[in-house]
1. Using only the alpha carbons of chain B, determine the length spanned along each of the three principal axes and report them from longest to shortest in whole angstroms.
2. Rank by packing, highest mean first: peptides B:24-31, B:65-72, A:41-48, with packing defined as the count of other Cβ atoms within 10 Å averaged across residues.
3. If Lys and Arg each add +1 and Asp and Glu each add -1, what is the summed charge of the other residues whose beta carbon sits under 14 Å from the beta carbon of B:R24?
4. Using a 10 Å cut-off around each Cβ of peptide B:72-82, what is the average number of partner chain Cβ atoms that fall inside?
5. Can you give the mean number of other chain Cβ atoms that lie within 10 Å of the Cβ atoms in peptide B:38-50?
6. May I have the convex hull volume per residue, in Å³, for the Cα set of the protein assembly as shown?
7. I need the inter-copy label distances for B:P71: point set 7 Å along Cα to C-beta, values in nm with one decimal, smallest first.
8. For chains B and A related by rotation, which residue of B has the Cβ nearest the axis, and what is the rounded distance in Å?
There are 2 protein chains.
Amino acid sequence: MTQFMDVHRGMVGITPEQFMEAHRADEAIEAEEGVHFQHAWADPESGTVYCLSEGPSAEAVLRIHERAGHPAQEIHPLPIST
Amino acid sequence: MTQFMDVHRGMVGITPEQFMEAHRADEAIEAEEGVHFQHAWADPESGTVYCLSEGPSAEAVLRIHERAGHPAQEIHPLPIST
């Protein structure tokens with residue numbers, strides 16, 4: 001499996017409740033694409049949200065976010081990590 | 001302590017050895033600013049590197065990266081996370 005970091009940029013003012021709701025929406029359908037969202041972090045001031053996942057492809061990760069109603073604007077495979 | 005994600009964008013073709021060398025350079029001086037780099041991930045193809053840290057301020061994190069020879073181009077506090 002490959003690890004990915006994807007970035008959402010339009011979530012200015014996201015609340016902890018909205019954040020968890022979005023994360024649960026991903027988790028509810030992630031297995032359908034063999035994806036697992038490991039961690040997510042949010043900066044409500046800039047509206048930036050980072051999601052760390054593993055999955056079969058970047059497209060599979062993007063499809064889950066799209067279907068859950070919050071498409072990502074950027075994604076990178078992460079073949080190297082600490 | 002606050003958690004931060006910082007982003008380096010100019011590291012196209014970074015190797016696992018260069019990545020670990022850069023990470024060790026951060027770790028060697030991080031305590032001087034009360035910073036701790038928790039995880040880092042790299043995509044050598046796009047040259048994008050993500051670093052997750054905790055510290056007293058974004059400026060402290062940026063100073064460590066600067067002094068270690070690899071300034072970051074973006075940084076966000078992460079008050080919300082899974």
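1. Principal axes ranked by extent give 33, 27, 19 Å for the Cα atoms.
2. Sorting B:24-31, B:65-72, A:41-48 by mean packing, highest first, produces A:41-48, B:65-72, B:24-31.
3. Numbers: positive: B:R67; negative: B:E17, B:E21, B:D26, B:E27, B:E30.
Residues near B:R24 contribute -4 overall.
4. So the per-residue partner count for this stretch is 6.
5. Numbers: counts 1, 4, 4, 11, 8, 9, 4, 3, 3, 1, 6, 4, 7.
What the average comes to for B:38-50 is 5.
6. Details: hull volume 15.8 nm³, N = 164.
Here the figure is 96 Å³ per residue.
7. In nanometres, ordered from closest: 3.4.
8. Residue and rounded Å distance to the axis: B:Y50, 4.
Every number in this text was worked out from the coordinates using simple rules, so none of it is lab data. What you are looking at is a predicted structure, and each value in this text was computed from that prediction instead of being measured. In this analysis, Cβ positions are derived from the backbone assuming ideal geometry, glycine residues included, and neighbour counts consider all displayed protein chains.
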